[in-house]
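Data first, discussion second: the structure below is written as structure tokens.
Taken together, the values in this text are just the output of simple stated rules run on the coordinates, not laboratory data. As the structure is a computational prediction, the values presented were derived from the model and not from experiment. So basically every Cβ, Gly included, is an ideal-geometry build from the backbone, and we count neighbours across all protein chains shown.
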Amino acid sequence: MAGYFDLLRQQPKLGTRPSPADQELHRPQARTPEPKQTTSTSPEMANPDIALLFDEEPVPAITPPPVTRHASPPKPAPEQGLLTPERSPPTVTTTTSAPSVEPTLLFDEKPEPEPAIAPQPIISHDTPPEPNPLKGIVTSKNEQTEVESLVSNWIRTFIALLYNVFRICRLVRPNNLQHLAKHIKNLILWLERDPSLINALELELIDFAKYERAVNDNLIQLVMKSVMLMLYAIKTTSELKSPHDTRIRLIMATVLHHIGMAQVPPAILSKKGRLSPDELAEIRAAPSKGAAYLQSCGIDDEYILRATAESNERIDGSGPRGLQANQLCPSSKLVSLLSMFEAMIHFRTYRKRMLPREAVRIIVNKYKPTFDRPVLKALLDAISLYPVGSHIKLNSHEIGRVIFAFPRLPLRPRVLVTMDDYGNAITPREIDLKNHPNLMIQQCVYEEDLDELKHDYKPTKPQNVESHDENLAKAA
């Protein structure tokens, strides 16, 4: 207790001034400032002179990690989706032994967002390409030129594909025919959108037919026969109102039913005289060979195989195998009629080709009981009295070319007049005969018979073409 009271006595009394010794004793001690903690990125640590003020060893400056610059931003993973401007680009991070430092961009640039990648259009042969290049009815001359160019390119590609099919068949090697089927599907879809494009197709085919007569190649002759059969199959199936899938099968069967003729020796195909019994046997064996070849190519469609094997059968049983109407496939009924019709209107070196109306008149008068009645009626409705590409003579003493045929107005086509009836060139102009009721067509011929329309033409003795076509049908 004494110690406690002694301590109290040492305290100064209230109201008295403390002595200098007491002031010195109770003066607060000055605190030595502690060295400031700095990060590796502070400017003090980067300066060794400032570090020496705190009696510390100089610390070398930490160099920030290099900034990685890419020529193009890295592509995101497939599961992250495409990088759009709304999303920020991925952050580049680095790992070092020094404290983490946020990467900086040079010159305070902002990262450019990765541009959005537009989805590539899917090219499918089951649907027509978009936008459709053959869409709408053309009216101006420039548009007609563009459409004719597109149709011409399609025909060139199709003829090249079909020629290759026949060439490989002649070598008796299997072939993939899917590309040919897809090409036909695209054409049918275009024509279903705009049926009037059949006129542009027919006009181009007439021009391509000239190439067949200029070359001595029996394969190209088979190809052009198949292409023309395709044209009339398109028209006939349109009149039959066939469903889309059935229509494609019928057209494909029409195009390929002559495939067996490619395996016939070229000397027989090019022979102009009468065929020997052995040569006739080669011709008669062509349908069965063609069906067998198509099976080796992976074709299992009944319409295609039976149309190839039964192309010479008739509904009255007069064909080689004697099949009746109820035993024939629908494609066989169509192909048998179109095959005879095309043989009559096709160019031959030994005779003139017939106009479609002349060929149909012979079929109706002589072969009507041998063909299916609905198919024959559809063909009659499909053909034009003045086909596209033929030349006509008007009662105005002008000669022109048919460039457009209206389905419901077979007597009033659209023509391009280019000369008078003496063969003198005049200013070309288009005439739509349905808008000119006073103009009448007096005569119609093919281009090779154009001289018959001229005023000074002298007719020659006509050829007996019907008897030869009958012999040709029997040989087939």
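Observations, loosely collected:
- Exceedance of the 21 Å cut-off in Cα-Cα distance is limited, within the set Lys182/Lys210; Lys235/Lys271; Lys271/Lys352; Lys225/Lys366, to Lys182/Lys210; Lys235/Lys271; Lys225/Lys366.
- Set of the range 215-245 residues, backbone N closer than 20 Å to the point 7 Å along the Cα-Cβ line of Leu380: 232-242
- Cβ-Cβ FRET estimate between Asp194 and Ser288, R0 fixed at 41 Å, reported to 0.05: 0.55
- If the chain linking Gln442 and Phe347 were pulled fully straight, counting 0.36 nm for each residue of separation and taking away their Cα-Cα distance, it would gain 31.9 nm.
- Between Leu161 and His244, the simple label model (points 7 Å from Cα in the Cβ direction) yields a spacing of 1.8 nm.
- Relative contact order %, the range 141-383, counting alpha carbon pairs below 8 Å whose residues are six or more apart: 19 percent
- Length released on extending from Asn424 to Glu146, taking residue separation times 0.36 nm less the Cα-Cα span: 97.2 nm
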